[in-house]
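Data block below; observations after.
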Amino acid sequence: MVLESRKRQSIIYFLSLLLSGLLYSFMTGKLLQFEGMNSFLILLLASFVDLLLIVLLRRTQLIQQLPVFIYPLGALLGIIISVFLGQLTGTVGFYLVLYTYLSILISSLLMVYQEKILESEQSLTSGFFTVQLLRNGSKMLGFFLGILLSQFGTESLFRYLLMGGFFVTVWLTLLQKDRVEVVAPQAGERIRGWLAYPLSGIFGTAIVLWIPLLTKAFIADGFEMMSWLPFVLSGILSITVIQLQKRYRQLYQSLFPEYMVLTLFGFFFFLRYMQAWPLLQVGIFSLLTALLLSVGIKVRTYFLKQNSEIDVKYVLQTLTVNSSLFTIAFSLLGSEGLVVEGLLFLACVLGLVFMIWKRAWFV
């Protein structure tokens, strides 16, 4: 019975991540149809949602007091209503409000089940390994579906997929009968281990920034048909490396990931500077991404241990907001090209050197 419950928790988390990715793809495509709009607005909205959830967790108990099934049910009703309202008032304001509403509900559901997965595992490290595997798996499947839908799909198909996904999630949450542990608002608590913010922000931005740049390099060199490779290969290697580290924990606990990432970063940046063959760049970066995720897990585990007396949802949500702010900052500098890549490379190297120096903190 316990095993079935843990499996359902993982399925709900995976499905919520997948729906979040599909919603992002759908809304980005829809907003870009309006004159003067760009995808950066979606990124800003997502950051606003993350900040709003921080405020709700810090000042109220609203997220904790609602039954868990309310989140997917509210999202399902929102999609159904949008089918009718979208035909009457398909304005940009309507879609912005819809995206914000759905993002709040999905993000709340993800927060709840991320905490439950971490609690159900034998250790925080095992929990983060499981969370990362589910994230990578959902991203790979989401990207595959995104390719199919972009070629053959319509707006109606997107809506039906979202409705079907939310319906299944409602059913699973009702079967699960999970309750959110009520924790007092975090207004009086101070976050410790603040160095985790720049570390996680820099490492996360490295992955987010370089994958689109590699995709662009593929297209520029005439490899349009293989532009999916940076996404998929990174996902496959990340899942493989995390599985190996779950089985051979000494690999994770040693400084092997940090030293390997340092070496690969130097080689990768040299390839970028020399504008080397894109396939070689992608191969090196995919392995780099897999190991960088392991380093990021060390940072998140350290941060959660430092703040063990504070609500897990609130602590992890501050990291989510932090990553969003770093991504926005580097996206604003994106036009500077290789200069931004050089700054990010230097920041990553300094972060890794610091982690090696303070090894005892991240064991």
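The values are calculated or read from the model by the stated rules, or taken from the named source; none is laboratory data. It should be emphasised that the depicted structure is a prediction, and the values quoted were computed from it without experimental measurement. Please note: Cβ atoms are built from the backbone with ideal geometry, for glycine as well, and neighbour counts cover all protein chains shown. Areas reflect the complete protein model, heavy atoms only, side chains present, ligands, DNA and RNA absent. Shrake-Rupley method; radii C 1.70, N 1.55, O 1.52, S 1.80 Å.
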Practice task
Kindly establish whether GLU341 is acidic (Asp, Glu), modelled with pLDDT under 85 and closer than 24 Å to GLY222 by Cα.
Solution key: yes
Handout entry: SER294, sole failed condition from (1) crowded, with 22+ Cβ neighbours inside 10 Å; (2) within 16 Å of TRP194 (Cβ to Cβ); (3) not aromatic (Phe, Trp, Tyr)
Key = (2)
Fill in the blank from the handout: Restricting attention to segment 217-238, the residues that are at pLDDT 75 or above and loosely packed, with under 15 Cβ neighbours inside 10 Å number exactly 1
Completion exercise
If you go through VAL241, VAL182, VAL170, VAL208, the only one that is modelled with pLDDT of 80 or more and closer than 30 Å to GLY74 by Cβ is VAL170
Exercise for the section: Output the residue which, of all residues in segment 62-82 that are open to solvent by less than 40 Å² (accessible area, probe 1.4 Å) and modelled with pLDDT under 85, is nearest to MET163 (Cα to Cα). Expected result: SER82
Practice task
Being open to solvent by less than 30 Å² (accessible area, probe 1.4 Å) and more than 27 Å from THR301 (Cβ to Cβ) is the filter here, so list the residues in segment 247-282 that pass it.
Solution key: LEU271, ALA276, PRO278, GLN281, VAL282
Completion exercise
Across (1) of a type outside the set (Gly, Ala, Ser); (2) open to solvent by 50 Å² or more (accessible area, probe 1.4 Å); (3) within 20 Å of LYS116 (Cα to Cα), ASN307 clears everything bar (2)
